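The values are calculated or read from the model by the stated rules, or taken from the named source; none is laboratory data. Keep in mind the model is a prediction, meaning the values are calculated, not measured. We place every Cβ from the backbone using ideal geometry, glycine too, and count neighbours over all the protein chains shown. Heavy atoms of the whole protein, side chains included, go into the accessibility calculation; ligands, DNA and RNA do not. Shrake-Rupley method; radii C 1.70, N 1.55, O 1.52, S 1.80 Å.
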Amino acid sequence: MSVKVMIPTALRSYADGHDTVELEGGNVREVLTKLTDQHPQLKAQLFSDTGDLRNFVNVFVNDENIRDRESSDTSLSDGDEVAIVPAVAGGLDVAVAGAELSKEELERYARHIILPEVGLEGQKKLKAASVLLIGAGGLGSPLGMYLSAAGIGRIGIVEFDVVDYSNLQRQIIHRTDDVGRPKHESAKRTIEAINPYCIVETYNTPLTSDNALDIVSKYDIVIDGTDNFPTRYLVNDACVLLGKPNVYGSIFRFDGQASVFNYQGGPCYRCLYPEPPEPGMVPSCAEGGVLGVLPGIIGVIQAIEGIKVILGNGDSLVGRLLLFDALGMKFREMKIRRDKNCPICGDNPTIKELIDYKEFCGMPSETSEAAKIEPQSPWDISAREVKDLLDSESEIFVLDVRQPNEYEICNLGGNLIPLAELPGRLEEIPRDADIIVHCKMGGRSAKAAHFLKDQGYDKVRNLHGGVGAWAEQVDPSMPKY
Ligand code: ZN
């Protein structure tokens, strides 16, 4: 019994580039097993660990979908054609049939519909599509607004943070009077005001190893707008395990990056960055700052890439890392490839389920509310204790290791020596003094405390949680940034 198996574009790189493979076999399971024996890389794409056909893969026999029947036992006859159709590479067609557009929607999307590259079919694909946004912050703002305006039918938002004044400079989905409200609420309200045809589903929780697969599996595409490494690796791994395209974007100061991961045989985030930087090595936007308009550029690039994936049109950023430098106003791109040795998307993956991402990124895995307030290391001191010490009029040398512009926003009246200048300015710090060192959140000051101990200062303590903790525990009138 000889049958032809058609390999979709998205999976060809796992099948040595073949578009069809001729195989012998009496039923679908036999044929697919032979196929994955010949091309072992396809196995992880098509079958779960328990040997079931992955739920984002459809199998058609002579153009008929056999997914919902006793699929694997469907018998085959000589000359039959078996087509493998993973969800995004055409699987949306099924849903498109139900995605009719009303008169008002036809008017709303008229400028799309007259584009040959979108057309009525494309607009229906957008309506049938679902996109998961990780975060409703800087990147999530333009993403949510433009994707809903463009007619994406269903948008999920994972966000548990609350709107802060320091967000408003770039997170344009939130308004001044949203300060203090949950971001998922204000994001949903803004999107629904832009396009009532868009269904918004919100998840008021951090994305975790426990909930990620469940949440991600409900969407066609994931767009990563996170601001921290544990979540970025978590999003990447969940997308690889579930076979979802992951539209990546990141921003810092004046620089942005974008790419499309885990799509059409291209690389994943781990292929590009196998290991996260050590905690504290790369400052966050909260520490390093970010130009308010920058997430607008990068988020909109992500939105365009997401729409292209849904439409199946254009050259996506798969295999390319786009770099944007706002100060120099330059775009550059780097070629990136799938790494055969990648621990999750490589030929012999070692990561087969979600792991502890905080631990992977070198952070304490449990950060309870208590742990945030209570000092962690023996020389840590809480903001309240510092306040008591300062009030007791004991001689304390308060050392602020932030940057001068941070000092201008708020300070404890201490001596300002930025961390990088510390080694050259030790003579300014009295040897016998009780020293309390602080920064914004406690990371830089912990390094400074270590350094001073190594230099022989033995009465050094680190203000746990930095000026942020001071603002929360001691002086609510102090601006937070
Ligand atoms: Zn990879």
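What the table shows:
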item	result
Shape of the stretch 369-473, Cα gyration tensor, a/c cut at 1.5	rounded
Where a label projected 7 Å from the Cα of Ser394 along Cα→Cβ would reach, residues of the stretch 437-481 with amide N under 14 Å	437, 459-462
The stretch 2-86 shape via C-alpha gyration tensor axes, a/c threshold 1.5	rounded
Calculated FRET value between Ser166 and Asn204, using beta carbons and R₀ = 25 Å, to 0.05	0.75
The stretch 129-360 - accessible surface per residue (Å², probe 1.4 Å)	42 Å²
Cβ crowding within 10 Å averaged over residues, with 448-457, 466-475 ranked highest first	466-475, 448-457
Nearest-0.05 FRET efficiency for Glu100 and Ala149, computed from C-beta distance (R0 25 Å)	0.80
Nitroxide proxy distance, nm - points 7 Å out along Cα→Cβ at Asp475 and Thr176	2.5 nm
Rounded percent of accessible protein surface that carbon and sulfur make up, the chain, 1.4 Å probe	51 percent
Relative contact order of the chain, defined on C-alpha pairs under 8 angstrom at six or more residues apart (%)	10 percent
Within straight-line cross-link reach of Lys4, lysines at Cα separation under 21 Å, skipping those fewer than 8 residues along the same chain	Lys34, Lys43
Added length on full extension, which subtracts the Cα-Cα distance from 0.36 nm per residue, Glu121 to His18	34.2 nm
Highest average packing first - 119-129, 147-157, Cβ atoms within 10 Å	147-157, 119-129
Stretchable slack from His450 to Asn405, in nm (0.36 nm times residue separation minus alpha-carbon distance)	13.8 nm
Contour minus Cα-Cα distance for Arg54 and Ser2 (0.36 nm per residue)	16.3 nm
